[in-house]
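Take a look at the structure set out below.
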Amino acid sequence: MINAETFELDLRRRMGARGILEAIESLVAIGDRFVGSDGDRTAAELVRSKFRPWGFEVEDREFTTLGYSHSRCELRLLRGETFEAIPPYFSPATPPEGVRGELVFVGGGDEADYEGIDVDGKIALLQETGLGYARFWMGTFAARAAQKGATGVVVIHPLPWPYRMSMEAGNGRLENRFSAEQLPVVCVSGIDGGRLMHAIGAGEAEAQIVVESEMPEVTSWNVSGVLPGREWPDECVLVHAHRDHGIYPGANDNGSGLGTMLEVASALAGSEPRRSIEFLCTTAEEGVTKGIAAYIDSRQQDGSLGQIRAAIDLDMFGAGGKLKLVELGLWPDCEPISHTEWLMQWLERITDELGYDVGRMTATWGVAESGRLIEAGVPAAWFWRPDDFYYHSPHDDVDKLDGNTLKAVADITATALWQLANADNLPQGV
């Protein structure tokens, strides 16, 4: 007879921050991991190569989606200055010669900001607000600029480096993913934004944007490793983390989640839970989470979706502010999405028992993979740390990560998975 308290203590002792960080380092060493890339395929095989020796049942669920890559991105003033710039993923390419026009400042790019301003045949210059992610979903802002006659858009990020946004419209529903009008868009740092504003003031703001990009249909896989249950093998508790990123290196988003999940999986390997435990590595989270949507669709088609009794989403908690559970998520085109109260309380109880601290928050920019599961009727919770200054930037590297938080999330998650997989009864519904 297994002593639950002794088993859980030993389980936590088998996990460490060093192991999680080493897994993240291996992932980052692969290079670019955007869905459909060579790195995406290599990362998927890395996960499979971990699952197999641990004795897990490995399953791939194939799907197709929109990929993205860019080979060139330039912003320069015709007077000679060039600027470091990053296009949003899914930003359309310019003609080979680029697009030209006078830079015109339009504030935040809202409708009222265009009043009395002529951007016809010009390049709209937008200023991010707050920490700098209010314009992450650039689709609607680019569409508005296109409707006003602009030839392109430049966004000033308030931090000392540019970051990667998305050209999607920021809607929750896949059918509302993109706005009809598109323009080439680039992001620059707050420092370079000041130089551009100076050029406008000096009357020397003729600029050129060049973006060479591709958006092919690509094939990828959601990779599962299943630890079979000894009594109710058809029922499972799910833990999932995406392997793709907005831009390389993606150590926090989402090396933190995948590295932590692999450490938990290693610690639980060889155990015999009553319910199965599924470790799911998704891709195509960046954007409107096409990867987890495809996984859910596959589960619905084979009739197994209802067998998932609870799901824990591990996504981006290695850097930033206080560790939190996302309680509520907001999309502009659907009702607010509430995460599962009983499951959050389960995780909070374990957090308190282990002497850690976790808060709650509202995600005003939408809900990632956990939201798709909740919409499909699967109880779900999501660990997150907000306010990562290096979000979607080339500076999201391993040395920015807090190993102590990674270890804490591993402890809480592993304990919760074991308890959920062995409970006599679990609450029903979301």
Compactness index (Cα Rg / 2.2 N^0.38 Å), the stretch 315-358: 1.37
Please give the contour-minus-distance gain from residue 364 to residue 64: 0.36 nm per residue of separation, less the Cα-Cα distance, rounded to one decimal in nm. 105.2 nm
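How much mean residue ellipticity at 222 nm does the chain get from its helices, if each DSSP H run of length 4 or more adds -39500 (n - 2.57) and you divide by all residues, to the nearest 500 deg cm²/dmol? Don't skip to the end; give the middle numbers.
Working: 10 runs with 123 residues, N = 430.
About -9000 deg cm²/dmol.
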For the stretch 323-330, what does the Karplus curve 6.51 cos²θ - 1.76 cosθ + 1.60, with θ = phi - 60°, yield as ³J(HN,Hα) per residue in whole Hz, taken in order and with x for Gly and Pro? 5, 9, 9, 6, 8, 9, x, 10
Set the Förster distance to 60 Å, then compute FRET efficiency between residue 97 and residue 328 from the Cβ-Cβ distance, nearest 0.05. 0.80
Tell me, what HN-Hα J-couplings in whole Hz come from the Karplus equation 6.51 cos²θ - 1.76 cosθ + 1.60 at θ = phi - 60° for each residue of the stretch 372-377, using x for Gly and Pro? 4, 5, 4, 4, 8, x
Calculate, for the chain, the solvent-accessible area per residue in square angstrom, rolling a 1.4 angstrom probe over the heavy atoms of the protein chains. 37 Å²
Can you report the principal axis dimensions of the stretch 175-277 using only the alpha carbons, biggest first, rounded to whole angstrom? 74, 31, 21
Give me the percent of accessible area attributable to carbon and sulfur for the stretch 318-430, probe 1.4 angstrom. 49 percent
Working from Cα positions, state the angle (0 to 90°, nearest 10) between the long axis of helix 190-201 and the longest principal axis of the chain. 20 degrees
Using a Förster distance of 56 Å, the FRET efficiency for residue 110-residue 272 (Cβ separation, nearest 0.05): 0.50
Portion, in percent, of the accessible area of the stretch 105-149 that falls on carbon or sulfur, probe 1.4 Å: 48 percent
What nm value, rounded to one decimal, do you get for the distance between residue 214 and residue 301 when each label is placed 7 Å out toward the C-beta? 2.7 nm
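Got a number for carbon plus sulfur as a percent of the stretch 1-72's accessible area, 1.4 Å probe?
48 percent
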Nearest 10 degrees, 0 to 90: helix 403-422 Cα axis against the chain principal axis: 50 degrees
Given the convex hull of the Cα atoms of the chain, what is a quarter of its surface area in nm²? 19.8 nm²
Nonlocal amide H pairs with residue 235, under 5 Å, H built at 1.01 Å: 276
Tell me, how many Å apart are the Cα centres for the stretch 294-350 and for the stretch 92-149? 34 Å
Ranking request for peptides 59-71, 352-364: highest mean number of other beta-carbon atoms within 10 Å first, then the rest in descending order. 59-71, 352-364
Could the peptides 387-394, 405-412, 30-37 be put in order, highest first, of the mean number of other beta-carbon atoms found within 10 Å of their residues? 405-412, 30-37, 387-394
Whole Å is fine, so just give me how far the alpha carbon centre of the stretch 201-280 lies from that of the stretch 366-430. 11 Å
Angle check, please: helix 38-51 long axis (alpha carbons) against the longest principal axis of the chain (alpha carbons), in degrees 0 to 90, nearest 10. 10 degrees
Tally the DSSP beta bridges in the stretch 281-414 and give the antiparallel ones as a percent, rounded to 5. 30 percent
Taking the Cα-to-Cβ direction at residue 191 and at residue 45 and moving 7 Å from each Cα, how far apart do the two end points lie in nm? 3.9 nm
For the cross-link pairs 50/322; 148/322; 290/322; 290/400; 50/400, which exceed 32 Å when the distance is taken from alpha carbon to alpha carbon? 148/322
Could you calculate the contour length gain from residue 174 to residue 79, that is, 0.36 nm times the residue separation minus the distance between their Cα atoms, to one decimal place in nm? 30.0 nm
Distance in nm between pseudo-label sites at residue 206 and residue 425 (7 Å out along the Cβ direction from Cα): 7.7 nm
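The values are calculated or read from the model by the stated rules, or taken from the named source; none is laboratory data. What you see is a predicted model; the values in this text were computed from it and never measured. Neighbour counts are summed over all protein chains in view; Cβ atoms, including those assigned to glycine, are modelled from backbone coordinates with ideal geometry. Quick note on the areas: whole protein, heavy atoms, side chains included, nothing else; ligands and nucleic acids left out. Shrake-Rupley method; radii C 1.70, N 1.55, O 1.52, S 1.80 Å.
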